[in-house]
Amino acid sequence: MTIVSWNLKIDNIDQIKSLSEVLALNPDVICLQEATQETIATIRTEWQDWDIFECLDCHRSLRSGVIQTAFLCILTKHDIEAHESYKIHCDPVKSLLARRLGIKEAREFQFIDVEVNNTKYRIFNVHLEVASGSIRRQAEFAEVLSNFDEARANLVCGDFNIFTRPILNLITGWAFGFSLREYLVNERRVFTKLFAKSQLTNVFKRRVTYPRFRLQLDHILVPVTIKYENHFVARKTFGSDHKFLSLKILN
């Protein structure tokens, strides 16, 4: 089973053209973040072999007064045993960055249950908050973990927005609304421990998926018992500001 995860970027004016790069890989499952309504409509109309399930990702208010809306989407050609989306209940983000950029993050995530080659999978698609501190992202990730199915291999895909570390926090913390204790957090170390505790492998560890700041924001996490190959990060962003990830599961 080949799975792809990609943040398409909400203001990517030609997301469908960008996705042609992914379709060339003939994937079984595609997890998208920041997909537009137009993209979803085109997929439903033109991609007859694919099922698509979406939930709200985020809103962005432009200076012109226009409100852009983006969605999380999971696409697959396999028979779906179940699909769900969940609201993560916490207070709205009130950081200076969120107000300045007009960002309203929905804090929803989704998953599908599929069976491929006699293996049962639960595949999550998430987009953790960007305009806040690490504590909120940790809480959102914990909510995802609470929906794991012990009878299935649980895979988590998406944009985690892991970026905080003490030196950078001193420069940016005020804009992201950090609490005092968040200024000392090395977020990558915190999440690395969470992955290990949850018996998950960060397949793309130390790989740059967000070239602008040379960070790994995007992830595909798999159980430590899962075998995989042909995992790579795309060489280009193809109209987004993130590179897509591709992984072939062998189990």
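The values are calculated or read from the model by the stated rules, or taken from the named source; none is laboratory data. Everything quoted here is computed from the prediction, not taken from an experiment. Glycine also receives a Cβ, built like all others from the backbone with ideal geometry; neighbour counts cover every protein chain displayed.
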query: Residues of the stretch 125-151 being closer than 27 Å to LYS94 by Cα and among the hydrophobic types (A, V, I, L, M, F, W, C), which ones?
result: VAL126, LEU128, VAL130, ALA131, ILE135, ALA139, PHE141, ALA142, VAL144, LEU145
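Could you list, in sequence order, all residues of the stretch 73-100 that are closer than 20 Å to ARG60 by Cα and either within 21 Å of the chain's Cα centre (by Cα) or among the hydroxyl-bearing types (Ser, Thr, Tyr) (or both)?
Passing the criteria: CYS73, LYS87, ILE88, HIS89, CYS90, ASP91, PRO92, VAL93, SER95, LEU97, ALA98.
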query: Applying the selection to the stretch 144-171, what residues are at pLDDT 95 or above, surrounded by fewer than 19 Cβ atoms within 10 Å (Cβ to Cβ) and of a type outside the set (A, V, I, L, M, F, W, C)?
result: SER146, ASN147, ASP149, GLU150, ARG152
field: Which listed residue, of PHE141, PHE111, PHE163, PHE124, is out of contact with any Cys (no Cβ under 7 Å at 6 or more places or on another chain), in contact (Cβ under 8 Å) with a residue 24 or more places away in the chain and in a strand (DSSP E or B)
entry: PHE111
field: Residues of the stretch 172-183 satisfying the condition of being among the hydrophobic types (A, V, I, L, M, F, W, C) and either surrounded by 13 or more Cβ atoms within 10 Å (Cβ to Cβ) or touching a strand residue (DSSP E or B) at 6+ places or on another chain (Cβ under 6 Å) (or both)
entry: TRP174, ALA175, PHE176, PHE178
query: In the stretch 64-89, how many residues are assigned to a loop (DSSP other than H, G, I, E, B) and either modelled with pLDDT of 90 or more or surrounded by 15 or more Cβ atoms within 10 Å (Cβ to Cβ) (or both)?
result: 4
message: Checking ILE30 against (1) in a helix (DSSP H, G or I); (2) at pLDDT 95 or above; (3) surrounded by 15 or more Cβ atoms within 10 Å (Cβ to Cβ): exactly one of these is not met. Which one?
response: (1)
